[in-house]
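All remarks here apply to the structure that follows.
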Amino acid sequence: MHAVGLVLLLVVLGTTVATGARRWSVPAPSLLVLAGVGVALIPGVPALHIAPETIGLVVLPPLLYASAEELSLRDLRTVWRPVAVLAFGLVLASAAVVGVLASVLTPLTGSMAFVLGAVLASTDPVAVTALGRRLSLPGRVQVLVQAESLFNDATSLVLFKVALGVAVAGGAVDRQAAVGGFVLLAGGGCAVGAAVAGLVALIRRRTTDPVLETVIALATPYGAYVLAESAHASGVTAVVVAGVLLGRSGHRLTDARIRLQLEAVYAVVVFGLESVVFAVVGLELPTLVRELPGGSGGWPLQALAVALVLIALRVLWMLPLSATVKPDRGLSSLRVAGVVTWAGTRGVMPLAAALSIPLVADGGQPLPGRPLVLVLTTAVVVFTLVVQGLSLAGVVNRSGLAVEPGQSAREEARTRKALAEAGLAHLDRLTDLESAPGPALERARRNLEARLDQAEEAEEAEEQDPGTAVSPDGIPLLVAYRDLRRDIVALQGAELRRLYDEHRVSETTRRRLQRDLDLEDAALDNR
């Protein structure tokens, strides 16, 4: 009963705070963390202890899957080199620097200091996606930040397991085993994710039941995660690979009605899980601080030093790389590096890793330093979510990197115009062939011409319902019009994908217009 009440409390707290965050234009993760800390400080509130498997198995898979589905595979191909450098080089450098710093500033042993470095070495995809969802960043910059956070898990997880093995067993680092572990984690995770994506795609192509499609979509990330972990591979990598592959081919697997339903269901799931998990981060910190042993009073300054060093190292690492992803707008590499640095926050995954540290070593004695590692990890996570999260929009705006709303509107208007012109050209061909009833062709033409005249709004002009009128060949005009409009919507969807593949449309515009086409297609069933 206590667990059920706690879950309900978190849902209510998360929903309330997230609603306020939208109204005040404040990043929800930052406000949720602050709310969690505030609630935990209220006298009489019971201590919160979250099992690591709860976060790792229940919360992470759908959030990672949703983040991966949003990733633009087209833009990822253009930034894969800097992503690889960040996912390997920066993770290794961050773990080493934080480990050395922690061994100097804190009472942690060398092995436990390196455990802390491995835990905090990578940015968090859940936090990065949640914070960046409302930012108007150029496509390549957004993909760089998001892809880095999604693909650096294998590196940091191998480092964490190596460091934890040394701390628990007191042995030396086996470099050959570490390399083999990385290959198994990363390569195995990619293989499992690709296999799951192929199997799910095969099933979804043969499924037309919306309920069954929804169940399959919700079960996919959990299936990929469990299968990969059972094979001792990276469950996170498997979920990410499955999400990227299925997200790119989603429009070919289902029809418009099912896509709209899946989008609505996943929006609810992601909103609820994000609201709960970021509140948990805030609730955990006061509880962990109260459990610290004596002589650990310097943890706030230690956590601040670690957070600042991580930010400084990220700036230095990003400076040479930012030139490869700089938008064609005359912006300096320093500004790009500053934005990408500030967008790389820590979040849920470091907390889950820290919580998985065992309580005792192999000899049966308590593992020294575990409480301090938990506190420092959570404090750094809270610092990045609050400080970087609350100021990220301002940093983006002052950098001049943000995409202007007018620019996005112009791109969307141009694309809508191109789609309307493609539809009109199709009608011209049908008119010449006399392959559709004339009244249906005329009604469809008026519809597209209205969209062409009002491209920014893309509002469909009101037209007279043909009722039960019949064409000369005996086909009801309403049926003929619906079939004609479906053909045009399919043609416009293909044209939209062509414009996107030719880099004439951004990922954001493609998703928005594809959703409009899906809404129009689904609405034809109700006429």
Just order 494-502, 202-210 by mean Cβ neighbour count inside 10 Å, highest at the front, would you? 494-502, 202-210
Roughly how many percent of the accessible protein surface of the chain is carbon and sulfur, given a 1.4 Å probe and a whole-percent answer? 63
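Please report, to one decimal in angstroms, the Kirkwood hydrodynamic radius of region 183-319 built from all distinct Cα-Cα pairs.
With all distinct Cα pairs of region 183-319 included, I get 18.2 Å.
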In order through region 494-502: 3J(HN,Hα) via Karplus (6.51 cos²θ - 1.76 cosθ + 1.60), integer Hz, x for Gly, Pro: 5, 5, 5, 5, 5, 4, 5, 5, 8
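Run the helix sum for the chain: -39,500 (n - 2.57) per DSSP H stretch of 4+ residues, divided by residue count, reported at 222 nm to the nearest 500 deg cm²/dmol.
On the way: 24 runs with 378 residues, N = 527.
Roughly -23500 deg cm²/dmol at 222 nm, from the helical runs in the chain.
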Calculated FRET efficiency, residue 25 and residue 308, Cβ-Cβ r, R0 30 Å, to nearest 0.05? 0.65
With every protein chain left in place, what is the accessible area of residue 122 in Å² (1.4 Å probe, nearest 10)? 10
With no solvent and one equal point scatterer per Cα, compute the Debye intensity ratio I(q)/I(0) for the chain at 0.07, 0.08 Å⁻¹ and report its log10, rounded to two decimals. -0.45, -0.57
If we sort 380-392, 272-284 on the protection proxy, mean other Cβ atoms within 10 Å, highest first, what's the order? 272-284, 380-392
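Provide the FRET efficiency to the nearest 0.05 for the residue 425-residue 183 pair, computing r from the beta carbons and using R0 = 45 Å. Could the numbers behind the result be given before it?
On the way: r = 52 Å, r/R0 = 1.15.
For residue 425 and residue 183, the calculated efficiency is 0.30.
Would region 20-114 count as rounded, prolate or oblate if I go by the C-alpha gyration tensor, calling it rounded below 1.5 in a/c and otherwise prolate when a/b exceeds b/c, oblate otherwise?
Working: a/c = 1.98, a/b = 1.10, b/c = 1.79.
Because a/c hits 1.5 or more and a/b fails to exceed b/c, region 20-114 counts as oblate.
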What is the spin-label model distance, in nm, from residue 212 to residue 84 if the labels are put 7 Å beyond Cα along the C-beta direction? 4.1
Averaged per residue, what accessible surface does the chain expose to a 1.4 Å probe, in Å²? 44
Calculate, in nm to one decimal, what residue 54 and residue 205 gain on full extension: separation in residues at 0.36 nm each, minus their alpha carbon distance. 51.1 nm
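The values are calculated or read from the model by the stated rules, or taken from the named source; none is laboratory data. Treat the numbers as computed from the prediction; the structure is a model and nothing was measured. Note that we place each Cβ from the backbone using ideal geometry, even for glycine, and neighbour counts take in every protein chain shown. Note: accessible area is taken over every heavy atom of the protein model, side chains too, but ligands, DNA and RNA are not part of it. Shrake-Rupley method; radii C 1.70, N 1.55, O 1.52, S 1.80 Å.
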